[in-house]
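Enquirer: Structure below; questions to follow.
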Amino acid sequence: MFDLKTLIRDVPDFPKPGILFKDITPLLRDPAGLALAVELMCNPYRRTRVDVVMGTESRGFIFGTAIAQALSCGFVPIRKQGKLPCATHEVAYGLEYGTDTIAVHRDALTAGEHVLLVDDLLATGGTLAASCELIALLGGELVGIAVLIELLELNGRAQLPQSELLHAVMAL
């Protein structure tokens, strides 16, 4: 097994000065790296009831759909505001470099469904905390939060209402 960290590229000052962006495109390009990342994100949930995987735009879609397929369940996208065609729930949140709003279709879940939330990276925690809020608004039961990378120095875990459910493949 190789170290997935070697497939993560640091890009300074993107998207704004002072931000060190963790670029996962080299990992996505590498077949063995991508397969290993998906397995390491998925494996903790193989014996857990997961009815649906929800992934946040946009890199959460990449890992979320692969994990949903591996767990034989469906996938629900959490999109940026204005990108979904039907009635939505929306939540605004802060980023390390601004604010944003995410949305999900109001009929995306049936109350009580077991949800695994997936994203590529946990930084300050705003996106994942807002995603957890959307899951709660829909009546879903959060059973796990899977991320490829957790940026420890930003302490985003502290923003999550159920931080004990977080599983990160890499801590950087």
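The values are calculated or read from the model by the stated rules, or taken from the named source; none is laboratory data. Keep in mind that what you see is a predicted model, and the values were worked out from it rather than measured. Note that we place each Cβ from the backbone using ideal geometry, even for glycine, and neighbour counts take in every protein chain shown. Keep in mind that these areas ignore ligands, DNA and RNA; they rest on the heavy atoms of the full protein, side chains included. Shrake-Rupley method; radii C 1.70, N 1.55, O 1.52, S 1.80 Å.
Enquirer: So, by mean Cβ neighbours within 10 angstrom, what's the order for 133-146, 5-18, 159-172 with the highest one leading?
Expert: 133-146, 159-172, 5-18
Enquirer: Over 18 Å apart: what share of the alpha carbon pairs of the range 27-172 falls there, rounded to a whole percent?
Expert: Cα-Cα pairs of the range 27-172 separated by over 18 Å account for 52 percent.
Enquirer: Shifting gears a bit: Out of residues 5 or more away from Leu121 or on other chains, whose amide H comes under 5 Å of its own, with H placed 1.01 Å from N in the peptide plane?
Expert: Sorted by chain and number, the residues that satisfy this are Leu148, Ile149.
Enquirer: Please give, to one decimal in nm, the separation of the simple spin-label points placed at Ala92 and Phe21, each 7 Å out from Cα toward the Cβ.
Expert: 2.5 nm
Enquirer: Report the FRET efficiency, 1/(1 + (r/R0)^6), for Gln81 and Leu172, where r is their Cβ-Cβ distance and R0 is 25 Å, rounded to 0.05.
Expert: Approximately 0.30, to the nearest 0.05.
Enquirer: Another question, if that's okay. Where Rh denotes the Kirkwood radius from the mean inverse Cα pair distance, what is Rg over Rh for the range 126-172?
Expert: When Rh is taken as the Kirkwood radius, the ratio is 0.97.
Enquirer: Can you send over the solvent-accessible area of Cys86, 1.4 Å probe, protein chains only, in Å² to the nearest 10?
Expert: Taking all protein chains as shown, Cys86 has close to 80 Å².
Enquirer: Modelled label-to-label distance, Asp3 and Thr101, 7 Å Cα→beta-carbon offset: nm?
Expert: Rounded to a tenth, the inter-label distance reads 4.4 nm.
Enquirer: Quick one: length gained pulling Arg46 to Leu137 fully straight, 0.36 nm per residue minus the C-alpha distance?
Expert: 30.2 nm
Enquirer: Could you pull the Cα extents of the range 94-138 along its three principal axes, largest to smallest, in whole Å?
Expert: Rounded to whole Å, the extents work out to 34, 17, 13 Å.
Enquirer: Let me ask you something else. Distance in nm between label sites at Asp30 and Val11, each 7 Å beyond Cα in the beta-carbon direction?
Expert: The modelled label-to-label distance comes out at 1.8 nm.
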